[in-house]
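Structure incoming, see below.
The values are calculated or read from the model by the stated rules, or taken from the named source; none is laboratory data. It should be emphasised that the depicted structure is a prediction, and the values quoted were computed from it without experimental measurement. As a convention, Cβ positions derive from the backbone with ideal geometry for all residues, glycine included, and neighbour counts pool all protein chains shown.
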Amino acid sequence: MTAAVDINVSKVERSKLNDLSLENLPFGKYFTDHMLEADYENGEWKNVEIKPYQPLVFEPSLMSLHYGQAIFEGIKAYKDANNNAYIFRPHDNFIRFNISAERMCMPPVPEEIFMDGMKQLIDLDRNWIPNKKDHSLYIRPFMFSTDCQLGVKPSDTYKFMIILSPTGPYFAEPMKIFVEEKYTRAAPGGVGFAKNAGNYAGSMIAAKEAKKLGYDQVLWTDAFEHKWLQEVGMMNVVFVINGVAITPSLEEGTILKGVTRDSVITILKDMGIKVEERRINIDELMDAYKNNSLQEVFGTGTAATIAFIKELRYKDFVMKFDVTKCTIANSVRQTLNDIRSCTITDKFGWMNKV
Ligand SMILES: *Cc1c(COP(=O)(O)O)cnc(C)c1O
């Protein structure tokens, strides 16, 4: 057990909820009344505070703006029919956060600040958790370097924060995907397994160019041959071939270890579906498509949960999928949604009560 952390709390005088309805909010545009902030200085975390959501003020020489030591997480909280609040698998995100921190030469955030701080913040802003179908409270923990000087080195000081954003419903339209052969998201020895801000910046141009060709996102391939499949946009990817679910394995360090990916694997196995975590390349995928054994392709991630894919294009070869027949993706999605809305038993112990 970790010691409870001393958090200084200052509350808003008037909640912004008085002027806002929690229905049909777009993703990531509205923020709750409060935020959590902690500072790393002289080798220790201090000044852990929950306070009104407000702007930050820094010098232009703030190191994270220049050298990119910045990492984040994405988690969701839900309410059941009795108004109890739950966070979905937050401890997995806590572990991943500190793996990202280590890769980017940043200090680990203690469990009592990340976990207890998150729970205390959500408890205070619990009225902000929407209780409508397909709505949730999106939780964004993040850390960035705060030394103010130029000169490349790991910063000596950092800020850890958590902000909360009510959101939903999230309509994930079936996507058209372009298999990327020019740009690379991740290579062995790189930072693909870390949830650092720069990974997102580096990937945007591929999506932008795919859009010009009429596609929604790209399917990332390996850096050397551009054949081995990695992820779809900023989501993990699952292929169903002959009833077997296949998802790229993690050992090369080029795949982000998604909490949704892990949840989907667990649910599929529980449904009696065989799951393979292994390398898979575009030739195997095209062969399976040609002999009618490639049944489903879908993405997994916290924002969309399951994103259906209706078309994949590799060079001039177009593969089309009837998403109404994607029964495996559909039932995993249903099970995940039912667990998160507390309408079925949480048999895997994923819902963490606040
Ligand atoms: C965040 C992220 C995912 C999805 O992870 P979840 O924990 O399921 O939300 C997948 N790929 C990348 C590159 C990501 O940044």
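Against the condition surrounded by fewer than 19 Cβ atoms within 10 Å (Cβ to Cβ), outside the structural domain of K257 (by TED's automatic domain parsing) and not polar (S, T, N, Q), how does R89 come out, does it pass?
Numbers: surrounded by fewer than 19 Cβ atoms within 10 Å (Cβ to Cβ): no; outside the structural domain of K257 (by TED's automatic domain parsing): yes; not polar (S, T, N, Q): yes.
It is false that R89 is surrounded by fewer than 19 Cβ atoms within 10 Å (Cβ to Cβ), outside the structural domain of K257 (by TED's automatic domain parsing) and not polar (S, T, N, Q).
Might you check whether a residue that is surrounded by fewer than 19 Cβ atoms within 10 Å (Cβ to Cβ), within 22 Å of the chain's Cα centre (by Cα) and at pLDDT below 95 occurs anywhere in the stretch 159-170?
Looking through the stretch 159-170, at least one residue is surrounded by fewer than 19 Cβ atoms within 10 Å (Cβ to Cβ), within 22 Å of the chain's Cα centre (by Cα) and at pLDDT below 95.
Turning to a different aspect of this structure: Taking only the stretch 218-239 into account, find how many residues are aromatic (F, W, Y) and surrounded by fewer than 21 Cβ atoms within 10 Å (Cβ to Cβ).
Step one: of the stretch 218-239, the residues aromatic (F, W, Y) are 220, 224, 228, 239.
Those still in the list that are surrounded by fewer than 21 Cβ atoms within 10 Å (Cβ to Cβ) too: 224, 228.
Residues flagged as aromatic (F, W, Y) and surrounded by fewer than 21 Cβ atoms within 10 Å (Cβ to Cβ) within the stretch 218-239 amount to 2.
It is to be established whether one or more residues within the stretch 41-61 are within 21 Å of A201 (Cα to Cα) and either loosely packed, with under 15 Cβ neighbours inside 10 Å or assigned by TED's automatic domain parsing to the domain that holds V12 (or both).
yes
I need the strands (runs of 3 or more DSSP E) fully contained in the stretch 239-352, keeping only those with at least 3 residues that are hydrophobic (A, V, I, L, M, F, W, C), more than 16 Å from the ligand (Cβ to nearest atom) and not assigned by TED's automatic domain parsing to the domain that holds Y183. Before you say what the answer is, go through the steps one by one.
Values: elements: 244-247, 275-277, 294-301, 305-314, 317-320.
Qualifying strands (runs of 3 or more DSSP E): none found.
What about I99, is it hydrophobic (A, V, I, L, M, F, W, C), in a helix (DSSP H, G or I) and more than 21 Å from L164 (Cβ to Cβ)?
On the way: hydrophobic (A, V, I, L, M, F, W, C): yes; in a helix (DSSP H, G or I): yes; more than 21 Å from L164 (Cβ to Cβ): yes.
Taking the combined requirement at face value, the residue satisfies it.
If I ask for residues that are in a loop (DSSP other than H, G, I, E, B) and surrounded by fewer than 16 Cβ atoms within 10 Å (Cβ to Cβ), which ones from the stretch 13-29 would you list? Write out each step before concluding.
Residues of the stretch 13-29 in a loop (DSSP other than H, G, I, E, B): 13-15, 20-24, 26-29.
Correct list: E13, R14, S15, L20, S21, E23, N24, P26, F27, G28, K29.
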